[in-house]
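Notes for the one structure printed next.
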Amino acid sequence: MTDASRGESAIVPMPIDSLVVDVLTDNVSDTYVSKALSAVSEFANVVRAGATLISGETLLNANLGFGLRLISKVGTVEHHLLFDTGPEGATFLRNCKNLEIGLGGIEAIAITHGHWDHMGALPAAVDAIRAGGGTPTVHVNPGMFNQRGVQLQDGSVIQVADVPTPTELQAQGAVVVNDGDPRLLLDGHFYYSGEIPRVSSFERGRVDHLARRGPNDPWHPDPLLLDERMLVAHVRDLGLIVFSACSHAGIVNVCTEVRALFPEIPIFAVMGGLHLGGVMERIIPDTVDGLRPFGIAHIITGHCTGWRALHALADAFGDVVSQSAIGTTYRFDQSLEPAR
């Protein structure tokens, strides 16, 4: 199939039999939240991992950020991938330990964009993978490594933490693919995008976001965060599972690009942060309307979505919408009702 608007051949992920998603990092801890699909709660998962007592020590820690472990399967072939990591290593490793998730089997890490709350735990994750006998391939692009900052209401600028560089990751023993082009990962089980086109009339980015090349350079507006990427898997008989960690591109733009690339495959689920809190709340109504034509069976919101957006989406789409929470496991396979 081709994307006629760009005249490029689309890179199509192969259909997989199942996809298991473990939420390792997210803003919310809520084991009582209503679960979508064949989801398993944090409480159940820590008990499965061997906890004999529910306590602050055996549960997970939520913090600002997003990180998932994905396990795909086709026949007897299984692949393990991290989708981002989180803001800092100690909490990330504690959460993995409490879920009894060993990281040595992680083959690849798909990084979505150059923000500390998605990459801060990356060095600790790479060290843990190496200690477990693995050699991860980390997928990034050159635009992720500018310094970033936020302009406050009084006009001052606060810098956010730098992210680990390709050189630093390579020194830890990771293989780094630092390239802006789209590609297939792990035998074609996953599609890792290139730059996401900005086509909607209202998704114009964060007006308070700034960037600069280095500490001696001036700050300049960076509302679009063009380094952001998405990840897509195709589960046989269900459709596409779209992962968008922060949706700086705008979740309507993300879904528009997915449909342009894979027009014959329905979007079954969208999962991640929709970045509709704070300065972005003004576009919530347009976002809700913009998602209607896609007929998405499940919208699983997390991280930076914001409570106002979650409520608006739930009001509009009902049980299609649910909230991601730390420690939850989602399973996508043929036992679920396919998208219509």
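The values are calculated or read from the model by the stated rules, or taken from the named source; none is laboratory data. Everything quoted here is computed from the prediction, not taken from an experiment. With ideal geometry, Cβ positions are generated from the backbone for all residues, glycine too; neighbour counts draw on all protein chains shown. These area figures cover heavy atoms from the full protein model, side chains too; ligands, DNA and RNA do not enter into them. Shrake-Rupley method; radii C 1.70, N 1.55, O 1.52, S 1.80 Å.
For segment 298-340, please list each of the strands (runs of 3 or more DSSP E) lying entirely inside it that holds at least 1 residues being of a type in the set (D, E, K, R) and open to solvent by 20 Å² or more (accessible area, probe 1.4 Å).
Per the criteria, 329-333.
Any idea how many residues of segment 22-36 are surrounded by 20 or more Cβ atoms within 10 Å (Cβ to Cβ) and over 20 Å from residue 89 (Cα atoms)?
Going through segment 22-36 one residue at a time, the tally reaches 1.
Could you check how many residues of segment 64-83 are touching a residue at least 40 places away in the same chain (Cβ under 8 Å) and either within 16 Å of residue 245 (Cα to Cα) or in contact with a Gly (Cβ under 8 Å, 6 or more places away or on another chain) (or both)? Walk me through how you get there before you give the answer.
Step one: filter segment 64-83 for residues touching a residue at least 40 places away in the same chain (Cβ under 8 Å), giving 64-75, 77, 79, 81-83.
From what is left, the residues that are either within 16 Å of residue 245 (Cα to Cα) or in contact with a Gly (Cβ under 8 Å, 6 or more places away or on another chain) (or both) are 64-70, 81-83.
The total comes to 10.
Which one of 87, 123 is part of a loop (DSSP other than H, G, I, E, B) and open to solvent by 20 Å² or more (accessible area, probe 1.4 Å)?
Just a single option satisfies the conditions, and that option is 87.
Of (1) open to solvent by less than 30 Å² (accessible area, probe 1.4 Å); (2) at pLDDT below 95, residue 136 satisfies all except one. Which?
(2)
Does segment 68-80 hold any residues that are crowded, with 17+ Cβ neighbours inside 10 Å and touching a Pro at 6+ places or on another chain (Cβ under 9 Å), and which are they?
Across segment 68-80, there are no qualifying residues.
Of the residues 59, 81, only one is part of a loop (DSSP other than H, G, I, E, B) and either touching a Phe, Trp or Tyr at 6+ places or on another chain (Cβ under 8 Å) or modelled with pLDDT of 95 or more (or both); which?
Working: 81 fails: part of a loop (DSSP other than H, G, I, E, B).
On inspection, the qualifying residue turns out to be 59.
Does any residue of segment 139-149 turn out to be in contact with a Ser or Thr (Cβ under 8 Å, 6 or more places away or on another chain) and either open to solvent by 30 Å² or more (accessible area, probe 1.4 Å) or part of a loop (DSSP other than H, G, I, E, B) (or both)?
Residues of segment 139-149 in contact with a Ser or Thr (Cβ under 8 Å, 6 or more places away or on another chain): 145.
Pick out the ones that are also either open to solvent by 30 Å² or more (accessible area, probe 1.4 Å) or part of a loop (DSSP other than H, G, I, E, B) (or both) and you get 145.
Looking through segment 139-149, at least one residue is in contact with a Ser or Thr (Cβ under 8 Å, 6 or more places away or on another chain) and either open to solvent by 30 Å² or more (accessible area, probe 1.4 Å) or part of a loop (DSSP other than H, G, I, E, B) (or both).
Yes/no per residue for (1) hydrophobic (A, V, I, L, M, F, W, C); (2) over 26 Å from residue 216 (Cα atoms):
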{"site": "128", "(1), (2)": "yes, yes"}
{"site": "131", "(1), (2)": "yes, yes"}
{"site": "151", "(1), (2)": "no, no"}
{"site": "189", "(1), (2)": "no, yes"}
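Please verify whether segment 200-215 includes one or more residues that are in contact with a Leu (Cβ under 7 Å, 6 or more places away or on another chain), of a type in the set (Lys, Arg) and closer than 24 Å to residue 252 by Cα. Show your work before the answer.
Initial filter on segment 200-215 (in contact with a Leu (Cβ under 7 Å, 6 or more places away or on another chain)): 205, 209.
Okay, now just the ones that are also of a type in the set (Lys, Arg), so none.
Looking for residues that are in contact with a Leu (Cβ under 7 Å, 6 or more places away or on another chain), of a type in the set (Lys, Arg) and closer than 24 Å to residue 252 by Cα, one finds none in segment 200-215, hence no.
Consider residue 272 against the criteria (1) on the phi > 0 side of the Ramachandran plot; (2) among the small types (Gly, Ala, Ser); (3) open to solvent by 10 Å² or more (accessible area, probe 1.4 Å): it satisfies all of them except one. Which criterion is unmet?
That leaves (3) as the condition not met.
Return a yes/no flag: does segment 217-224 have any residue that is modelled with pLDDT of 95 or more, in contact with an Asp or Glu (Cβ under 6 Å, 6 or more places away or on another chain) and open to solvent by 10 Å² or more (accessible area, probe 1.4 Å).
Checked against the condition, which is being modelled with pLDDT of 95 or more, in contact with an Asp or Glu (Cβ under 6 Å, 6 or more places away or on another chain) and open to solvent by 10 Å² or more (accessible area, probe 1.4 Å), segment 217-224 yields no hits at all.
Cβ-Cβ distance below 8 Å, separation of 6 or more or different chains: which pairs start in segment 256-268 with a residue that is in contact (Cβ under 8 Å) with a residue 12 or more places away in the chain and surrounded by fewer than 20 Cβ atoms within 10 Å (Cβ to Cβ) and end on one that is charged (D, E, K, R) and outside any helix (DSSP H, G or I)?
260/3; 266/340
Tell me the strands (runs of 3 or more DSSP E) entirely within segment 154-197 that contain at least 1 residues that are open to solvent by less than 10 Å² (accessible area, probe 1.4 Å).
Strands (runs of 3 or more DSSP E) meeting the threshold: 183-185, 190-192.
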